[in-house]
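In what follows, a structure is listed as structure tokens, so that the remarks can point back to it.
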Amino acid sequence: MPRHEKNKPHIREKNHQAQGAARGLRSAKEKAAKGKALPSSLPAPLETTLQSKPATRSCSIPRWPHRALSAITKSAGVSRTRSSKGDKYKMENEKSSKASPSEVQSQRDPLTEMSGMLVRFLMQMYKMKKPIRKADMLKIVHKKYKNHFSEILRRAAFSIEVVFGVDLKEVEGKKHFYDLVSKMNLPNNGRVSHGRVFPKTGLLMIILGVIFMKGNCATEQKIWEFLNKMRVYAGKRHYIFGEPKKLITQDFVKLKYLEYRQVRDSDPPCYEFLWGPRAYAETSKMKVLQFLAKINQTTPSAFTSCYEEALQDEKEGAQATIPVGADTNAMQ
């Protein structure tokens with residue numbers, strides 16, 4: 001066989017390696033240019049149906065919406081860098097090879113990509129505690145899609161709301177200035193702790209929802225079974241929520257958003273969660289149900305028995321605020 005024929009496979013292999021190295025270098029430069037960003041994978045969809053204590057109460061816990069979560073970081077093109085036993089993080093190309101048709105479609109949707117980039121920018125401004133201007137947001141969006149800015153902003157706001165539990169609101173008295181406001185009065189606008197960290201309000205509202213749907217009392221085991229499906233594990237630091245066991249059993253309890261107590265007569269001892277007094281003061285069963293319904297992209301009334309209980313609580317709360325002796329007919 002001629003020498004040049006023998007060398008062909010070797011030459012092709014070397015060219016392939018060189019191309020791979022070039023792609024890797026470009027990828028590294030892109031990541032370095034983008035700096036620290038949100039991780040590329042967030043809690044997986046949940047399809048667990050939790051049975052509450054009373055037999056007549058049964059509600060399906062909503063799933064994390066894939067579209068909302070993928071909009072967070074799909075365009076960032078970054079992956080989680082931490083790895084540990086039992087939780088191997090996959091590279092983007094590995095995940096894309098196993099992507100469902102809906103995932104592939106969302107990856108190709110330029111508005112989803114733009115909203116993901118906008119979420120990344122908004123959360124960076126939140127962490128840095130910097131003002132959010134419309135002019136700066138428009139700079140994030142490619143000029144080709146400027147006419148779709150309202151829709152891109154709507155998607156970004158939805159993603160931030162259902163994952164982090166904060167609302168994007170226009171600053172009163174300041175046109176085209178926005179702020180991210182926690183749905184509950186957690187310290188540091190939802191951060192709980194000081195520093196450049198993500199808000200924890202979304203996790204708190206999810207836990208309050210699980211407690212409500214479990215008959216207003218949920219065992220610690222059931223809470224962790226649910227959170228594990230969101231890839232949130234006790235004793236393992238989470239890239240959004242920090243150390244979750246401390247956050248849930250200490251911080252939220254100390255702040256009186258949750259009550260954490262030993263189950264009576266349990267041996268060995270086990271524990272359960274209830275709403276704390278501050279949770280009752282700052283939110284309601286209906287608001288939590290609305291939040292969960294939004295996550296599942298449905299309406300609160302879809303959770304029939306829970307919705308009826310939430311409605312009853314709303315009526316009782318309204319009656320409790322009416323002064324004794326007040327003419328209720330005059331208020332109608």
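The values are calculated or read from the model by the stated rules, or taken from the named source; none is laboratory data. Computed from a predicted model, the values in this text were never measured in an experiment. Every residue, glycine as well, gets a Cβ built from its backbone with ideal geometry; the counts of neighbours run over all protein chains shown. What goes into the accessible areas is simple: the full protein's heavy atoms, side chains included, and nothing from ligands, DNA or RNA. Shrake-Rupley method; radii C 1.70, N 1.55, O 1.52, S 1.80 Å.
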Can you name the residue in region 295-324 that is under 22 Å from the mean Cα position of the chain (by Cα) and more than 21 Å from Asp167 (Cβ to Cβ) and, of all such residues, is most open to solvent (accessible area, probe 1.4 Å)? Ala302
Going through region 240-251 one residue at a time, which ones are in contact with a Lys or Arg (Cβ under 7 Å, 6 or more places away or on another chain) and either assigned to a helix (DSSP H, G or I) or open to solvent by 50 Å² or more (accessible area, probe 1.4 Å) (or both)? Glu243, Leu247
Identify, please: which residue in region 178-232 is in contact with a Gly (Cβ under 9 Å, 6 or more places away or on another chain) and basic (Lys, Arg) and is, among those, farthest from Phe273 (Cα to Cα)? Lys183
Out of region 138-184, which residues are of a type outside the set (Ser, Thr, Tyr), part of a helix (DSSP H, G or I) and either open to solvent by 80 Å² or more (accessible area, probe 1.4 Å) or without any contact (Cβ under 8 Å) to a residue 40 or more places away in the chain (or both)? Leu138, Lys139, Ile140, Lys143, Lys144, Lys146, Asn147, His148, Phe149, Leu153, Arg154, Ala157
Filtered residues of region 278-294 (kept if of a type outside the set (A, V, I, L, M), open to solvent by less than 30 Å² (accessible area, probe 1.4 Å) and out of contact with any Cys (no Cβ under 8 Å at 6 or more places or on another chain)): Thr283, Ser284, Phe291
Among the residues of region 240-259, write down those that are in contact with a Leu (Cβ under 8 Å, 6 or more places away or on another chain) and not β-branched (Val, Ile, Thr). Phe241, Pro244, Leu247, Phe252, Leu255, Tyr257, Leu258, Glu259
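Condition check ((1) more than 19 Å from Asp313 (Cα to Cα); (2) loosely packed, with under 14 Cβ neighbours inside 10 Å; (3) at pLDDT below 95; (4) of a type in the set (S, T, N, Q)) across all residues:
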{"position": "Leu203", "(1), (2), (3), (4)": "yes, no, yes, no"}
{"position": "Val210", "(1), (2), (3), (4)": "no, no, yes, no"}
{"position": "Cys217", "(1), (2), (3), (4)": "no, no, no, no"}
{"position": "Arg231", "(1), (2), (3), (4)": "yes, no, yes, no"}
{"position": "His238", "(1), (2), (3), (4)": "yes, no, yes, no"}
{"position": "Val253", "(1), (2), (3), (4)": "yes, no, no, no"}
{"position": "Asp265", "(1), (2), (3), (4)": "yes, yes, yes, no"}
